[in-house]
Amino acid sequence: MTKILIDGVEHDLDPTLTMLQACEAVGKEIPRFCYHERLSIAGNCRMCLIEVKMGGRPGPKPVASCAQQLRDLPPVKEGQPLHELVTNSAIVKKAREGVMEFLLLNHPLDCPICDQGGECDLQDQAMAYGMDHSRFSENKRAVPDKYLGPLIKTIMTRCIHCTRCIRFAAEVAGVDELGAIGRGEDMEITTYLEHAMASELSGNVIDLCPVGALTSKPYAFTARPWELRKTETIDVMDALGSNIRVDARGREVMRILPRNHDDVNEEWISDKSRFIWDGLRRQRLDTPYVRKNGKLAKASWGEAFAAIAAKVRATKPERMAALVGDLAPMEAVMALKDLMVALGVPNLDCRQDGAAIGLGPREGYLFNTRLGDIEDADAILLIGCNPRTEAPVLNARLRKAWLKHDAKILRLGAPADLTYPVMELGDDPAILRKSSGSEFARILKDAKRPALILGMGALTRGDGAAILKAAVTLGGETGMIGPGGEGGWNGFNVLHTAAARVGALDLGFLPAESGRDIFGIVQGIGEHAIDFVYLLGVDEIDMALMGNAFVVYQGSHGDRGAERADVILPGAAYTEQSGIYMNTEGRAQRANRAVFPPGEAKEDWAILRALSDVLGKRLPYDDLIALRKKLVLEVPHVAVLDKAPETPAPDAALWREIGAAGPIDGGQKLTDAIADFYLTNPIARASATMAECSRLHLGGGLKAAAE
Amino acid sequence: MSARRLAAEQPASFAFTPENLAWAKQQIAKYPAGRQASAIVPIIWRAQEQQGGYVTEPMLRVIGEMLGLSYIRVYEIATFYTMFNLAPVGRHLVQVCTTTPCMLRGSDDVVAACKKMIGPKPHTVYGEGLWSWMEVECLGACVNAPMLQIGSDYYEDLDAASTEKLLADLKSGKAPKPGSQIGRHSSEPRGGPTTLKEVKA
């Protein structure tokens, strides 16, 4: 610790803090444009100038406080006063005003038509340090706009060259694509020959841009920040549970922004999470439908419920089944389970992709290392997992682990560019069993904090349970789990792709003892042993497999499930209902309602509650509070929101229950779980923005532009 | 100075000659492992020479791949240094220094001579690829100002007449003598020594 005066008050601070951080730590605000906590330090905007008095004497000139640490100051001489950082003197104010005047020389006065207006760093800081007129009588510089893809709109004349976007792309996103050409008076930010940025995290440069040079293309000219109603909620596009803020006006979601959560998403979200919102307006189910003479016809809630009730009464419980999709909140899953249990239906499953998880202890399907701690791992084995498509924000974390301490990342699966060096181990899962003496096992064994991440690409195979078992065994041998782990380190992780999955598994939405799982249900339909299927937002299975069964689809979008359904019950999307989601690490978080569901659509739990009444099995909760009370009784760890489970104590017996013995089919290659990152759920498939991204990035458009 | 951007028309490809490739590998080998990118400026310079005096877009990609750099990083460097020409130049590239000392000593006359002899516009190839001229910043020969550079030779102590003669010689295929055009050996005073006269050479 080092003693220093800040504006005349003595403080004892960590010498590795930069002067800017030191001033912030004691509550002094320092204006800045280029400095950003999560990016490297550039020191090029000069807005953070402060005065440094050494030994009581004024310094020769103001200092860029972001680029110097406290320990860079010379030691204090005997008998002399402490060094002092001055943030509020006339010199500092004048220096910053000078910087601001230069920044504004070439900055256009188009705030009234700028989408950044009202949330612009330059605008805000010009209020404090700007002049009311300009002494610059020459022509302003004009810069041609650049094409950066369908998500990012550029108005490059506004750019103040802070280089935050360049540093983000190179450091966090790991795509070294943005750069500054013609450095000097004609500096311009661009990608190489203006091709679209090939990153799943590209939208974050919009938030990073302190001015209106990079703005959201789909959101352009639609709303002003002060007319939006802001709702803090949770993202469901992947299983990370990224913290987001949904901005709505009237009944429409206008945009989605990330919220800071150091242990989950830092302050990034993927492009899918950010730009999905136009999908919330299209293809919506806003009224119940009943299939009459082979055609879906609009119906009232009463008619729809009556149609379901007639079928349920005519069907034995063993011949009925219920499936839960990827986006359902825990409240809806519990209501569906309670209803099915009351009806005596044994055939329940929440794993529409057929993942071999959920049996045995909770640790067997959680991301036990926790998202915030995975960046401390020094060797990470990815098994059938492509984090870049399954959880782009997690991929940035893994990249950080590589950047921070050169973590070795090994991958079992089809080769892919993950934005950091990966040791590819091929796509034969059988090598997990033959690890003894192999190089990858040695790397994992030598690591202090080894981890593995098991993806849905491995678990959804026919031999998924055997791979799970093999992974647990490998984890035990290499010190990831069990007593070998260092200081409670648990390196066994499952990365889910569905936001609803962990919550549904925690609720035990799984086949009863005599019941069928997803494969059994599909087989049963084929053999005419299942006549009734209830789909709660299930859209990722081939609907041809539903055969002649009577299908009830409850969900928000007219996608695959609704197309096949015999009765459609319109539900709310994740922005339209309050619901608890358990993320992949077992952290319960509550999503909140930003807007009301369209038309006749209702909250998912309320639909099930109403249906239960019609079916004569009234569920014992009349409101969300009562429902949540029961939810906490069933899943006690829901009671504490936003807390990932503590690393469990090593317990070999516990791990033995996970997975199942059996052959691993080495002939069947490991593949990625997600073929098209931009179209993984019904909301994304309804979004024109996502369709455009998919066409551009996966339809060969990008390659053509780069050539 | 106008904004430095790649020319609109670009050749389809670029490949180093075997000699230049060997030379480039030698340059890369000078740097410790992981720092190969440091060789970028000499390599672009050599590639520019091979291309006949300017940098092309396929060249940037070839160099990027050679050094393990993303294309944009090579592009950044090529657009920063003014010694890299981004559009075709003549076989004889006449670079006239117009920085303060040369300007005070009459570089305006040298520029006028270029306009007269070569063509009115800088950065433009005249005479069917024969030559082009441009103004450049200080070339470091201020003591013999004004001066210009053709290829890799300096021509110093110029005025309107000597520049025109120089360029006429160049056009007719003669090789003008580099260095001072008024017979100075290097940068000694005009008209012989003014001090240390008693010292015999």
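The values are calculated or read from the model by the stated rules, or taken from the named source; none is laboratory data. Since the structure is predicted, the reported quantities are computational estimates derived from the model, not experimental observations. Because the Cβ atoms are built from the backbone with ideal geometry, glycine has one as well, and the counts that use them run over all protein chains shown.
Has the stretch A:173-180 got any residue that is away from every other protein chain (no Cβ under 14 Å) and modelled with pLDDT of 95 or more? Steps first, answer last, please.
The first filter runs over the stretch A:173-180 and keeps only residues away from every other protein chain (no Cβ under 14 Å), leaving none.
Checked against the condition, which is being away from every other protein chain (no Cβ under 14 Å) and modelled with pLDDT of 95 or more, the stretch A:173-180 yields no hits at all.
Give me the pairs, please: first residue somewhere in the stretch B:164-180 and in the same structural domain as B:L139 (by TED's automatic domain parsing) and closer than 16 Å to B:Y126 by Cβ, second residue anywhere and at pLDDT 95 or above and in a helix (DSSP H, G or I), beta-carbon distance under 8 Å, and either six or more positions apart or on two chains.
Note: pairs meeting the criteria are B:E164/B:A113; B:E164/B:K116; B:E164/B:M117; B:L167/B:A113; B:L167/B:C114; B:L167/B:M117; B:A168/B:M117; B:K171/B:M117.
If I ask for residues that are farther than 17 Å from B:F84 by Cβ and within 14 Å of another protein chain (Cβ to nearest Cβ), which ones from the stretch B:10-54 would you list?
The answer is B:A12, B:S13, B:G34.
If a residue has to be closer than 12 Å to A:I234 by Cα and either modelled with pLDDT under 95 or surrounded by fewer than 24 Cβ atoms within 10 Å (Cβ to Cβ) (or both) to count, how many in the stretch A:559-587 make the cut?
2
State which residue is surrounded by the most Cβ atoms within 10 Å (Cβ to Cβ) when the search covers only the stretch B:68-104 and only residues that are among the aromatic types (F, W, Y) and facing chain A (nearest Cβ under 9 Å).
Result: B:Y75.
Name every residue in the stretch A:144-164 that is more than 29 Å from A:A688 (Cβ to Cβ) and either at the interface with another protein chain (Cβ under 9 Å from one of its Cβ atoms) or touching a strand residue (DSSP E or B) at 6+ places or on another chain (Cβ under 9 Å) (or both), in order of residue number.
A:H161, A:T163
From (1) under 37 Å from the mean Cα position of the chain (by Cα); (2) outside any helix (DSSP H, G or I); (3) not small (G, A, S), pick out the condition that doesn't hold for A:I4.
All conditions pass for A:I4, except number (1).
With respect to A:L214, determine if the residue is away from chain B (no Cβ under 11 Å), modelled with pLDDT of 95 or more and touching a Leu at 6+ places or on another chain (Cβ under 8 Å).
yes
Before we move on, is A:T497 in a loop (DSSP other than H, G, I, E, B) and of a type in the set (V, I, T)? Break it down stepwise before answering.
On the way: in a loop (DSSP other than H, G, I, E, B): yes; of a type in the set (V, I, T): yes.
Yes: the conditions hold for A:T497.
Among the listed residues B:E128, B:E65, B:E57, B:E137, which satisfies the condition of being touching a strand residue (DSSP E or B) at 6+ places or on another chain (Cβ under 8 Å) and either within 14 Å of chain A (Cβ to nearest Cβ) or not β-branched (V, I, T) (or both)?
Only one candidate passes the filter, namely B:E137.
Within the stretch A:111-124, does at least one residue satisfy the condition of being over 19 Å from A:D207 (Cα atoms) and within 14 Å of chain B (Cβ to nearest Cβ)?
No, the conditions are met nowhere in the stretch A:111-124.
Listed residues A:A686, A:A661; which is at pLDDT 95 or above and of a type in the set (A, V, I, L, M)?
Numbers: A:A661 fails: at pLDDT 95 or above.
So the residue among A:A686, A:A661 that is at pLDDT 95 or above and of a type in the set (A, V, I, L, M) is A:A686.
Across the stretch A:186-211, what is the number of residues that are within 8 Å of chain B (Cβ to nearest Cβ) and touching an Asp or Glu at 6+ places or on another chain (Cβ under 8 Å)?
Here the count works out to 3.
Could you check the stretch A:533-558 and list, in sequence order, the residues that are crowded, with 24+ Cβ neighbours inside 10 Å and either farther than 21 Å from A:M340 by Cα or hydroxyl-bearing (S, T, Y) (or both)?
Across the stretch A:533-558, the qualifying residues are A:Y534, A:Y553, A:S556, A:H557.
Report, by residue number, each residue of the stretch A:195-226 that is touching a residue at least 60 places away in the same chain (Cβ under 8 Å) and in contact with a Lys or Arg (Cβ under 6 Å, 6 or more places away or on another chain).
Selection gives A:G203, A:L208, A:V211, A:G212, A:T215, A:K217, A:Y219, A:A220.
Tell me which residues, restricted to the stretch A:528-548, are part of a loop (DSSP other than H, G, I, E, B) and at negative phi.
At the first step, the residues of the stretch A:528-548 found to be part of a loop (DSSP other than H, G, I, E, B) are A:528-531, A:537-542, A:547-548.
A:A529, A:I530, A:D531, A:V538, A:D539, A:E540, A:I541, A:D542, A:N548 - these are the residues of the stretch A:528-548 that are part of a loop (DSSP other than H, G, I, E, B) and at negative phi.
With the stretch B:83-201 as the region, which strands (runs of 3 or more DSSP E) entirely inside it contain at least 2 residues that are of a type in the set (F, W, Y)? Steps first, please.
Details: elements: B:92-97, B:131-136, B:148-150, B:153-156.
Hits in the stretch B:83-201: B:131-136, B:153-156.
Which one of these is within 41 Å of the chain's Cα centre (by Cα), surrounded by fewer than 18 Cβ atoms within 10 Å (Cβ to Cβ) and within 18 Å of A:L5 (Cα to Cα): A:D124, A:D72?
On the way: A:D124 fails: within 18 Å of A:L5 (Cα to Cα).
Every option except A:D72 fails the conditions.
Please work out which one of (1) of a type outside the set (A, V, I, L, M, F, W, C); (2) surrounded by fewer than 18 Cβ atoms within 10 Å (Cβ to Cβ); (3) part of a loop (DSSP other than H, G, I, E, B); (4) over 32 Å from the mean Cα position of the chain (by Cα) is the condition A:N44 fails and give its number.
With (1) of a type outside the set (A, V, I, L, M, F, W, C); (2) surrounded by fewer than 18 Cβ atoms within 10 Å (Cβ to Cβ); (3) part of a loop (DSSP other than H, G, I, E, B); (4) over 32 Å from the mean Cα position of the chain (by Cα) applied to A:N44, the lone miss is (4).
B:S172 - would you say it is closer than 28 Å to B:E49 by Cβ, loosely packed, with under 12 Cβ neighbours inside 10 Å and at pLDDT below 90? Write out each step before concluding.
Details: closer than 28 Å to B:E49 by Cβ: yes; loosely packed, with under 12 Cβ neighbours inside 10 Å: yes; at pLDDT below 90: no.
So B:S172 does not fit the description; no.
Name the residue, out of A:R183, A:R141, A:R167, that is within 14 Å of another protein chain (Cβ to nearest Cβ) and in contact with a Phe, Trp or Tyr (Cβ under 8 Å, 6 or more places away or on another chain).
Numbers: A:R141 fails: in contact with a Phe, Trp or Tyr (Cβ under 8 Å, 6 or more places away or on another chain); A:R167 fails: in contact with a Phe, Trp or Tyr (Cβ under 8 Å, 6 or more places away or on another chain).
Only one candidate qualifies: A:R183.
Right, A:V551: in contact with a strand residue (DSSP E or B) (Cβ under 6 Å, 6 or more places away or on another chain) and part of a strand (DSSP E or B) or not?
When the stated conditions are applied, A:V551 passes them.
For B:V143, only one of the following conditions fails: (1) within 21 Å of B:W45 (Cβ to Cβ); (2) in contact with a Ser or Thr (Cβ under 7 Å, 6 or more places away or on another chain). What is its number?
(1)
Please verify whether the stretch A:509-525 includes one or more residues that are surrounded by fewer than 24 Cβ atoms within 10 Å (Cβ to Cβ), acidic (D, E) and without any contact (Cβ under 8 Å) to a residue 24 or more places away in the chain.
No, the stretch A:509-525 has no match at all.
Matching residues to (1) surrounded by fewer than 18 Cβ atoms within 10 Å (Cβ to Cβ); (2) over 30 Å from A:L208 (Cβ atoms); (3) under 33 Å from the mean Cα position of the chain (by Cα):
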| site | (1), (2), (3) |
| --- | --- |
| A:V26 | yes, no, yes |
| A:H36 | no, no, yes |
| A:I50 | no, no, no |
| A:G59 | yes, yes, no |
| A:G79 | yes, yes, no |
| A:A95 | no, no, no |
| A:V99 | no, no, no |
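Across the stretch A:81-93, which residue is surrounded by the fewest Cβ atoms within 10 Å (Cβ to Cβ) among those that are under 41 Å from the mean Cα position of the chain (by Cα) and not hydrophobic (A, V, I, L, M, F, W, C)?
For the stretch A:81-93, the residue satisfying everything is A:N88.
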